[in-house]
Amino acid sequence: MPDTSSSQLSLFDSREATTAWTVRVSRRARRLTVRVFHTGRVEVVVPPRTSARTVRDFLQRHRQWVESRRERARRELPAAAPFPPAAISLAAFGEHWSVHMAGGSGRGRLHAAGEGRLEIHGVHCEETLRQQLRAWVVAHAAMRLGPWLESLAREGGFSFGRMSVRRQRTRWGSCSSRGTISLNASLAFQRPAVVRYLLLHELAHTRHMNHSARFWRLVATYEPDWQLLDRELHGGWRRVPDWMFNDVE
Ligand SMILES: [Zn+2]
């Protein structure tokens, strides 16, 4: 979740190898770590001033592990679903939206025609429609997550500055030192218990800006099952429809 001090820096990716990977320099990193995302993307997190050679040697040493993780990611990645989807389930809010192609002419537009019914009017190119669907999910998630976060904050006596909902690829949420809580719009596709845990996790960061034992003790007072839910959230990318992301990578 928050790793606010890190900066995104793609030094290079290796095209000669079968593995494409990116390097992220993190001021917090004390050693090199490697992560394989659900898409098969490989990210190496390194402390500042790590040489390219050190990164290559590190990857070489962990090649087998990385390859087995990428293989598993490939197997588990769902097949691309038809687009546009016939329906969109927002598990977090217990909502199921059916998607209707309403035809018509003119510029393509998408709108919610009553509870649970999305209508697509006019002429769309696929990419425009993807953008509109994503924008709708982001706006809808913000509308639902805002009051949820506020009520959890009230119950727990937390105060936060501002909430923003964005489409992010690698984080479910973060909390800045100013108390701004950023949430990933794809939380909409996760189970309510998992979303509640993430909201409490970020609220707990308004008191502890770290993942110390005190932080986790605080989280545990509100959510004793946090470990299970945290693990489920890590695998939660698989619940996100691919149209939320296939503009990137
Ligand atoms: Zn955190």
Quiz prompt | Filtered residue count, segment 142-189, keeping only those that are buried (at least 17 other Cβ atoms within 10 Å of the Cβ), closer than 20 Å to Q131 by Cα, more than 16 Å from the ligand (Cβ to nearest atom) and among the hydrophobic types (A, V, I, L, M, F, W, C) | solution = 4
Quiz item: Would you pick out the residues in segment 190-205 that are within 11 Å of the ligand (Cβ to nearest atom) and in contact with a strand residue (DSSP E or B) (Cβ under 9 Å, 6 or more places away or on another chain)?
Solution: L198, H201, E202, L203, A204, H205
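Could you name every one of the strands (runs of 3 or more DSSP E) located completely within segment 21-90 that has at least 3 residues being small (G, A, S) and either over 19 Å from the mean Cα position of the chain (by Cα) or not assigned by TED's automatic domain parsing to the domain that holds E126 (or both)?
Here the list is empty.
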Quiz item: Can you spot a residue in segment 220-229 that is within 16 Å of the ligand (Cβ to nearest atom), aliphatic (A, V, I, L, M), under 20 Å from F93 (Cβ atoms) and in contact with a helix residue (DSSP H, G or I) (Cβ under 8 Å, 6 or more places away or on another chain)?
Solution: yes
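Only one of V36, V42, V55 is of a type in the set (A, V, I, L, M) and modelled with pLDDT of 90 or more. Can you tell me which? Walk me through how you get there before you give the answer.
Working: V36 fails: modelled with pLDDT of 90 or more; V42 fails: modelled with pLDDT of 90 or more.
That would be V55, the only listed residue that is of a type in the set (A, V, I, L, M) and modelled with pLDDT of 90 or more.
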Quiz item: Is at least one residue of segment 236-249 touching a Pro at 6+ places or on another chain (Cβ under 8 Å), crowded, with 16+ Cβ neighbours inside 10 Å and either modelled with pLDDT under 95 or not assigned by TED's automatic domain parsing to the domain that holds F93 (or both)?
Solution: yes
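Please determine whether any residue of segment 90-110 is more than 30 Å from G235 (Cβ to Cβ) and without any contact (Cβ under 8 Å) to a residue 12 or more places away in the chain.
Initially, segment 90-110 is screened for residues more than 30 Å from G235 (Cβ to Cβ), giving 100-109.
Keeping just the survivors that are without any contact (Cβ under 8 Å) to a residue 12 or more places away in the chain gives none.
Scanning segment 90-110, I find no residue that is more than 30 Å from G235 (Cβ to Cβ) and without any contact (Cβ under 8 Å) to a residue 12 or more places away in the chain, so the answer is no.
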Self-check item: Only one of A102, A112 that is assigned by TED's automatic domain parsing to the domain that holds G179, touching a Phe, Trp or Tyr at 6+ places or on another chain (Cβ under 8 Å) and either at pLDDT 80 or above or surrounded by fewer than 12 Cβ atoms within 10 Å (Cβ to Cβ) (or both)
Solution: A112
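The values are calculated or read from the model by the stated rules, or taken from the named source; none is laboratory data. Given the structure is predicted, the values throughout are model-derived calculations rather than measurements. Note that we place each Cβ from the backbone using ideal geometry, even for glycine, and neighbour counts take in every protein chain shown.
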